[in-house]
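Beneath this line is the structure, given in structure tokens, with notes to follow.
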Amino acid sequence: MRARMRRRSRVIGRSRGRGRRSCRRLCGPAADSRSGGRPPARAPGLRRVQPNSVVGPAAVCQCGGVVASGGHRLCWVDLPAVVRRGVGELLGAAVTHAWSQAGGFSPGSADRVRTAKGGRAFVKAVSAEQNPDTPAMHRAEARICAQLPEGLPVPRLLGVLEVDCWVVLVQEDVDGRPPCLPWQGDDLHTVLGALTTLAATPCPVVDVPDAGAALDHDLRGADRLAADGSNVESLDTLCALSERARHVLARDGARTLVHTDLRADNILITERGAVFVDWPWACAGPVWLDTLLLLIEVERHGGHDVDALLSSLPTTGGIDPADLTAVLAGFVGYFLDAARRPSPPGLPRLRRFQREQGEALLGWVQHRISRSDHRTVGRR
């Protein structure tokens, strides 16, 4: 006898095909990526997979051959038929074409879809079978995005679908491209401008944690390394600076909505500016936090004077440089502590990324300390 599947769906707004704002990405280490622009008739570098395997009239799936940064993604054709049908019902017409996006730190699916009526959307789906934590992340992102007002550089949430153990987010498919790595000047200028706009908006989401509470555990990574006797360069300094970082976040308060996970793979460049995607870790925090965290990746890939940027940008220019150094040092501890843990299910490459990120960030922190007064950089 066929097992019954319980379905629960929630529609937010109405699908309008291509969204009014801008959307997703791929060009460098991805995190849940959508390649930019309108899906081509046959996307370059993609191969056609099982043309008639998707439930729906004349459905076609094109699945990328690029290996994800964190693991291997599901393609549209891998999703249960009831999930694919549910997406079509939510969009008002069956999905006839899907372009599966490779890349990202999620083992779930990430697909740009087109329906029989020409509607478009971006769909990502996951179950606990791929990773036990990711369904909760999808639910958190849906709750946050559902509360965001028009005008913010964020993709519009069209609806949420839960089918048995699957959690599915359906968002607008927005024409755009990811910033290329290394970061180019024009892209960086566009993104920093969008962050300035976002920072000026009071947090519109209720019941999100403040950054101090949300990041407290992460910013104790250096303490955990020290407690385990880890051989990490400048570890005593990292511990002192991490303590200061926790104080800084608590002091500067929950002023605006912050993403806390911005990298090129979570950004799209569009004709109207930059759009920020993948919001499960959002919280209320200081206006300078997202700019600082974005510049970690910019500095790692080179080509820009990130210290000069921190001194001149409207979101960070008025902040004590020692406070910014302290927060960067706190994230060194987070990355290096996380990197020594076992790989999460479905994400075999995540720990390598975290180790490389932590080692590169450590070099930047040491450089900033060398240019400052060693006697004061660790004080509050």
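When GLU129, GLU299 are arranged by Cβ crowding within 10 Å, least crowded first, meaning fewest neighbours, the order is GLU129, GLU299. Label-to-label distance, GLU271 versus ASP207, with points set 7 angstrom from Cα along the beta-carbon direction: 3.9 nm.
The length gained by stretching the chain between ALA93 and GLU129 to full extension, at 0.36 nm per residue less their Cα-Cα distance, is 10.1 nm.
When ILE319, ILE269 are arranged by Cβ crowding within 10 Å, least crowded first, meaning fewest neighbours, the order is ILE319, ILE269. Take every Cα pair under 8 Å whose residues are at least 6 apart in sequence, average their separation, divide by the length of the range 284-375, and the relative contact order is 25 percent.
Cα centroids of the range 148-221 and the range 299-332: 20 Å apart. Between the alpha-carbon centres of the range 79-114 and the range 225-280 there is a gap of 31 Å.
Shown here for the range 332-362: trypsin sites (Lys or Arg not before Pro) in loop regions (DSSP other than H, G, I, E, B) with at most 16 other Cβ atoms within 10 Å, namely ARG340, ARG349. In summary, the range 185-370 shows an alpha-carbon radius of gyration equal to 0.99 times the 2.2 N^0.38 Å reference for compact globular proteins.
Readers should treat all values here as calculations from the given coordinates under stated rules, not as data from a laboratory. In this text, all values refer to a predicted model and were calculated from it rather than measured experimentally. Backbone-built Cβ (ideal geometry, glycine too); neighbour counts: all protein chains shown.
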